[in-house]
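All of the numbers you see were taken from the coordinates with simple rules; none came from a lab. Please read these numbers as outputs of a predicted model, since none were measured by experiment. No Cβ is skipped: glycine too gets one built from the backbone with ideal geometry, and neighbour counts run over all protein chains shown.
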There are 6 protein chains.
Amino acid sequence: MFQMPSKQKSDEFIDDMFRFLFPVVSGVEQGHYAAELALLRLKGKMQELFLPIRDQFDIGCSRATESFFDALPEVHIKLMKDAQAIFDGDPAAKHIEEVILAYPGFYAIYVYRLAHQLYNCEVPIVPRLFSEYAHSKTGIDIHPGANIGEYFCIDHGTGIVVGETTDIGDHVKLYQGVTLGALSVSKDMATKKRHPTIEDNVIIYSGTTVLGGETVIGANSIIGGNVWLTESVHKDATVYNQSTVSVRKKKTAI
Amino acid sequence: MFQMPSKQKSDEFIDDMFRFLFPVVSGVEQGHYAAELALLRLKGKMQELFLPIRDQFDIGCSRATESFFDALPEVHIKLMKDAQAIFDGDPAAKHIEEVILAYPGFYAIYVYRLAHQLYNCEVPIVPRLFSEYAHSKTGIDIHPGANIGEYFCIDHGTGIVVGETTDIGDHVKLYQGVTLGALSVSKDMATKKRHPTIEDNVIIYSGTTVLGGETVIGANSIIGGNVWLTESVHKDATVYNQSTVSVRKKKTAI
Amino acid sequence: MFQMPSKQKSDEFIDDMFRFLFPVVSGVEQGHYAAELALLRLKGKMQELFLPIRDQFDIGCSRATESFFDALPEVHIKLMKDAQAIFDGDPAAKHIEEVILAYPGFYAIYVYRLAHQLYNCEVPIVPRLFSEYAHSKTGIDIHPGANIGEYFCIDHGTGIVVGETTDIGDHVKLYQGVTLGALSVSKDMATKKRHPTIEDNVIIYSGTTVLGGETVIGANSIIGGNVWLTESVHKDATVYNQSTVSVRKKKTAI
Amino acid sequence: MFQMPSKQKSDEFIDDMFRFLFPVVSGVEQGHYAAELALLRLKGKMQELFLPIRDQFDIGCSRATESFFDALPEVHIKLMKDAQAIFDGDPAAKHIEEVILAYPGFYAIYVYRLAHQLYNCEVPIVPRLFSEYAHSKTGIDIHPGANIGEYFCIDHGTGIVVGETTDIGDHVKLYQGVTLGALSVSKDMATKKRHPTIEDNVIIYSGTTVLGGETVIGANSIIGGNVWLTESVHKDATVYNQSTVSVRKKKTAI
Amino acid sequence: MFQMPSKQKSDEFIDDMFRFLFPVVSGVEQGHYAAELALLRLKGKMQELFLPIRDQFDIGCSRATESFFDALPEVHIKLMKDAQAIFDGDPAAKHIEEVILAYPGFYAIYVYRLAHQLYNCEVPIVPRLFSEYAHSKTGIDIHPGANIGEYFCIDHGTGIVVGETTDIGDHVKLYQGVTLGALSVSKDMATKKRHPTIEDNVIIYSGTTVLGGETVIGANSIIGGNVWLTESVHKDATVYNQSTVSVRKKKTAI
Amino acid sequence: MFQMPSKQKSDEFIDDMFRFLFPVVSGVEQGHYAAELALLRLKGKMQELFLPIRDQFDIGCSRATESFFDALPEVHIKLMKDAQAIFDGDPAAKHIEEVILAYPGFYAIYVYRLAHQLYNCEVPIVPRLFSEYAHSKTGIDIHPGANIGEYFCIDHGTGIVVGETTDIGDHVKLYQGVTLGALSVSKDMATKKRHPTIEDNVIIYSGTTVLGGETVIGANSIIGGNVWLTESVHKDATVYNQSTVSVRKKKTAI
């Protein structure tokens, strides 16, 4: 019989891993052997999660698990850089722990980095379960296949979509409602690059849409809000929507 | 004393029904009498849900329950068609079960089709509880009163709003941030058609707003992103936002 | 060791407080001493929530708790006015209890009013935990520091962002995807007014962005959808986006 | 496949029924429709409990359920008489509610009366699940088949065993460690009376054993502690163990 | 309306207090502020427990709570002595922590010492809820009113009954099935001493019954198993049951 | 820091193992990979259980786990024989599944056989946690160190005590309140045989006590109720308590 991994187990794994990686902000006090016990459990839970699909692993279920846990320290370092980037960009944040504890943008990046790690090991289905959990909790939808550099920053974030073959450099910042999407969605495009490339130090303001696998936003560019882009932009560019706003004395409802 | 149905019971009913309708993707193994037991429980839970409002049923509480469960097989068939439409439109999906398990667009349609069934039996309040549960989990807000045809497809979906008197044909696809709304919200409009009509085979891209009860999007039309429409569009139309984007060498922050 | 309050305790406090303030819509039947017990528990839970950060209170942990509970009756009155405003503006709502039970806009305002109360007592971190819980459940992100008048109305709401130093008058209505944000996000702006002022009786339609601490939307104005505003608008104004929509016979996909 | 009813469901049914029958001592406040809801649920739970064994009912699963709930008011009256008997016999009890809430003897009788009701309807297996739940919580093992009169009183109770074909009159009191058992346990005795008859107003003190289907303890008798009885005793008898106790100045350990 | 305290809250309080007093054996790791938080919660839970009966307190509900928590350190010291006594008397025990973690005799004493503390403050009903919880888990039934000295030791314990006005000295050891009970149970005896006095260093073996308020077991006595005692025994006595056991070649079943 | 294994984890392991070994009576339906998943989890849970005491294993923590799971099939076979023995001896039992599902005697033997397996691998402390869980649920206290043959049968069982160095043959049956104990409890006896030997086919009736490491009950013997034995009995013996019972016309209360 065809089997799927359990959504519930997947969600729990993500929650447990968060507490393991960030004990200070989770009210978890690390005693004598608590970390060791947590690690033992996380590995057991990943085995359970993979059990129904273990025949679909290219590199084998155990090696995928091993490889995932080997990469954890590196993932943790990247996440601390992301948290730093968000902290630096928000006047309201007083401690970096606040960012880790409470910012949905950080949470979405956290889940993406786990999911991307599994995606790289060609683990089937589970990376998508991960990303949909983050989507459900934050409204931020980052495909596990996207390549995202360091110091990635998301502000507010609701409505963000980042497609599977998107490439994002370092020090990029996205606001709520930004879409990095595809122009075409036919099945024969599945293995091609369909989503844009965002180079280092780019800021994209809220409500903006960038589409297409050949679209490149050059480094250091600033893309204003509500912009609709399907062509590349050179580096150091400033792009904004020249919408004409009409203001008049109110007479009728629009 | 005035009574309201329990939000918690409502949410649980939706979760339980999902496991009942889609056991393969729910890690539920169907044994000897599991389906029978599940059905028994679902009916019991619906009775509990309706208990505090049973005096407000036009057709009686029992007949509404009966009628809902009679319609389930048909609802299931429609949902499989919706899953197929989403699967066909997403290059990244490898099995239709992935769509059912993990896609928020499918989940929102699932809840809408249950809620619409109750709405048709004039069950008070509960259909809205259903749709708000989907809204909370997916950011997709489909009013139970909307009429939606077969092979309905939602991609990403966060921020979608579909109003109460919307009519949607077959093979329609909506992207994130699409609003199908009303121009006027005065209370005396409550029984009139206030939301648009979308005919068969229409695609509406992200961030677009279509308003008004007399607005009709003709069959086979494509509506681009970020479009604001308050008037009808003939069939086979392509509509897009002619926004002028200004690109210049960066000097100042916007 | 640096300590953070528990996100889980924070979420539970908000849920419990909802049941306490709105027993009718929560399926809670108030008997002999139920309300008294609930209050006892809520105070205990707030003490637990504050425990790890009690050294960071300006006015002391106990006085903050006391002051919060003293203000509850007033908060309750304000929330009933908000519910009334939402009820009056939605043709589909049949009872005000429906609004309280099921409308995400009301839920977001409920959490905001609690969080704002704590913010006024300079309680650290917790107000942000509150607002992120509402954000996660509704997609509506209202900073606890915002000042919002009476009869505040949110419709649908997904994607709304209201910044820390925003001022909103009475009888204001916001639709989904509205951003009331800042032009600049440098850390040295943390104590300055960075977000706009919205005067009484203003309506802002979906997808509109208003930015800047000096931007004032005059009383009684109507701001259309998809508008991008960084300058003030006089009172009684009607503002709309003059986007040119192109409609043609379909030949190619966009 | 052979199926057994769920032990967990059985235990839960007993707990829920207790709260339904004795709301005052259960911290349950009965509001507008709480009792009705509780009854609806109890019936649903009984249906679930019977589902795996429904083919083994002589009178049909639905009629057994119906008959059980029809008898509930009568069972309740009997239980109040039992509680009264325990209250009257314990100098330490200050309210009859204490007896219902906290006395294991009452709890065992409560479960016995439910189980006996099912036993009378020839419900298979479930009556034994009921009695073993009481046994596990109280150490008192009353077979559902026993016939027990009114005003039955158990004091302390741990270690009491009452066999399947025991007959007990009214106003009988048993202390801890009393066994009313069988002399023979061969399978061909299964349909015969194997356990004793205890007539009205008998008291049996702790540790006493009475065995055999033909053994009758006459009305108004008092049976002392640690007695081993396999023959009948006339009415108004006083029976005690004439054990010789030796007391001497301690020199060696026994 | 007449109210009773919640059995469930009572049980939880006992469990939570155990973890608080014996963190090492409970898998609880005490971090920065864990003990403080636990204490805060325990006090809150006791307040909730007392709420429905607060009008029945002689010394007032708050003073009873205060007095209970003031006595905790002393209770803890006594319990460590009890654990030591059990450890010393059991060849199988390897660490004193094993006794605290796993021995039902210790658990019953633990609950008794809490209940006795409440009994001394004349808290109504709750002490009996406490003792019945221990009874249910261990089969050991110690009335909260009993006075028990230091280094109290229970071995195995199932079936032990210790009545309300029992007095027990230091270094006493009881085996399973021992009853320290009353001869008379008429209501007008409620305020008199009805149960025996056991002086220091007494051992009572399994199955023995000692009855009556004037019965005194003198210091250093050893009472054998299955003894039935209703009269006093001088100090340094050895008492045993002179039962004649008949052994013969088996012919018939008894 | 000194660490103890978690009582809660220990209890859960026993419950989970029961469902794994006896799925039919547990309402567990075994599908495609359910058994495999259950086994994976059980091993994970045993590892967690052993973690805090892993330095105290003679043969190493992993080898103990391995050895335990290797022995499971054999344990299962023995348990089916025990169930058969109980079924054969109880006229009231209609299916062997009833015995497994509901009989406390079987449950106690089940836990004993698991605990004994761990005891044989010299796992510290955990075997005692196991046996105390059974003790708490059934009132039957079998030390994990006892050696018990096949077709072991316990009827009712409350109050049974079986000491650490007891040897029990095949086809032995014990009734409630039987103690197989030690005469001496001094610490220097810890490694010696202190408890009796019961040979094949012995029946011991309720309330009987057999004490001492040199006491042997010969094969095929029947020991009556309330007997106190500290010396050996030859094979084929019938032993009973010659207590004189006095019966007289009631005049005074005892």
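Average projection, convex hull of the Cα set of the protein assembly as shown: 53.9 square nanometres.
Computed FRET efficiency, Cβ-Cβ of A:Asn120 and A:Ser184, R0 25 Å: what is it to the nearest 0.05? Before the final figure, lay out the partial values.
Working: r = 25 Å, r/R0 = 1.01.
Here the calculated transfer efficiency is 0.50.
Rounded to the nearest 10 degrees, the angle from helix B:126-138 to the longest Cα principal axis of chain B is 50 degrees.
So how do F:Phe87, F:Phe13, F:Phe69 line up by other beta-carbon neighbours within 10 Å, fewest first?
Details: F:Phe87 20, F:Phe13 23, F:Phe69 14.
In increasing order of surrounding Cβ atoms, one gets F:Phe69, F:Phe87, F:Phe13.
Partner shielding of E:95-102 amounts to 5, given as the average count of beta-carbon atoms from other chains within 10 Å of each residue beta-carbon.
Return the FRET efficiency for the residue pair D:Ala35, C:Ile96: r is the Cβ-Cβ distance, R0 is 35 Å, and the value is rounded to the nearest 0.05. Each step should come with its number before you reach the end.
Working: r = 28 Å, r/R0 = 0.80.
Approximately 0.80, to the nearest 0.05.
Against chain A, whose longest principal axis is taken from its Cα atoms, helix A:104-120 shows a tilt of about 60°. Across segment B:45-84 the C-alpha pair distances fall into 5 Å bins from zero in the proportions 6, 22, 23, 16, 13, 12, 7, 2 percent.
For segment F:114-254, the Stokes-Einstein estimate of translational diffusion at 20 °C and a viscosity of 1.002 mPa s comes to 135 µm²/s, using the Kirkwood hydrodynamic radius over alpha-carbon pairs.
Using a 10 Å cut-off on Cβ to Cβ distances, tally the other chain neighbours for every residue of F:86-93 and report the average as a whole number. The partial results should precede the final answer.
On the way: counts 0, 1, 3, 3, 4, 14, 13, 3.
Taking all residues of F:86-93 together, the mean is 5.
Ordering E:Thr158, F:Thr165 by the number of other Cβ atoms within 10 Å of each residue's own Cβ, fewest first, gives F:Thr165, E:Thr158.
Could you grab the relative contact order for chain E? Cα pairs under 8 Å, six or more apart, rounded to a whole percent.
Details: 502 pairs, mean separation 28.2, N = 254.
Value for chain E: 11 percent.
Among the trypsin sites (Lys or Arg not before Pro) found in segment C:104-169, not one is both in a DSSP coil and sparsely packed, with 12 or fewer other Cβ atoms within 10 Å of its Cβ. Here is how the number arises for the protein assembly as shown: DSSP H runs of 4 or more residues each give -39500 (n - 2.57), the sum is divided by the residue count, and the result at 222 nm is -13000 deg cm²/dmol.
What separates the D:Ala34 label point from its copies, with the point 7 Å along Cα to Cβ, is 0.6, 3.7, 3.7, 3.7, 3.8 nm, written shortest first. Packing order of peptides C:17-26, B:202-211, C:214-223, highest average first: B:202-211, C:214-223, C:17-26 (average count of other Cβ atoms within 10 Å over each peptide's residues).
Say the cut-off is 18 Å between C-alpha atoms; which of C:Lys9/C:Lys137; B:Lys45/C:Lys94; A:Lys78/C:Lys137; C:Lys45/E:Lys7; E:Lys43/F:Lys7 go over it?
Values: C:Lys9/C:Lys137 16 Å; B:Lys45/C:Lys94 24 Å; A:Lys78/C:Lys137 28 Å; C:Lys45/E:Lys7 21 Å; E:Lys43/F:Lys7 25 Å.
As for pairs spanning more than 18 Å Cα to Cα, those are B:Lys45/C:Lys94; A:Lys78/C:Lys137; C:Lys45/E:Lys7; E:Lys43/F:Lys7.
Relative to the longest principal axis of the Cα atoms of chain D, the long axis of helix D:7-21 lies at roughly 90 degrees.
Taking square-rooted eigenvalues a ≥ b ≥ c of the alpha carbon gyration tensor, is segment C:173-221 rounded, prolate or oblate, where a/c under 1.5 means rounded and, failing that, a/b exceeding b/c means prolate?
On the way: a/c = 3.33, a/b = 1.70, b/c = 1.96.
Because a/c hits 1.5 or more and a/b fails to exceed b/c, segment C:173-221 counts as oblate.
Classification of segment E:76-131 by its C-alpha gyration tensor yields a prolate form. The axis ratio a/c (a ≥ b ≥ c) is 1.5 or more, and a/b outweighs b/c. Taking the number of Cβ atoms within 10 Å of each Cβ as an exposure proxy, the fewest-first ranking of C:Asp90, B:Asp11 is B:Asp11, C:Asp90.
For segment C:9-119, calculate the relative contact order in percent as a whole number, restricting contacts to Cα pairs under 8 Å that are 6 or more residues apart.
Numbers: 58 pairs, mean separation 28.6, N = 111.
Taking the mean separation of contacting Cα pairs over the length of segment C:9-119, I get 26 percent.
Semi-axes of the equivalent ellipsoid for chain D, computed as √(5λ) from the eigenvalues of its C-alpha gyration tensor and ordered from largest down, come to 35, 23, 17 Å. Summary value for segment B:181-254: 24 percent relative contact order, contacts being C-alpha pairs under 8 angstrom separated by 6+ residues. Peptide E:132-143 has a mean of 5 when you count, residue by residue, the C-beta atoms of other protein chains within 10 Å of its C-beta.
Can you tell me the dipole magnitude for the protein assembly as shown around its Cα centre, using point charges on the Cβ only (Lys, Arg +1; Asp, Glu -1), in Debye to the nearest 20? Provide the component values of the computation, followed by the final result.
Numbers: 144 positive and 186 negative charges, 1 e Å.
Once rounded to the nearest 20, the dipole reads 0 debye.
Note that segment F:82-195, at 10 °C in a medium of 1.306 mPa s, gets a Stokes-Einstein diffusion coefficient of 111 µm²/s from its Kirkwood radius over C-alpha pairs. In segment E:1-145, how does Rg compare with the Kirkwood Rh, expressed as the Rg/Rh ratio over alpha carbon atoms? Radius of gyration over Kirkwood radius for segment E:1-145 works out to 0.97.
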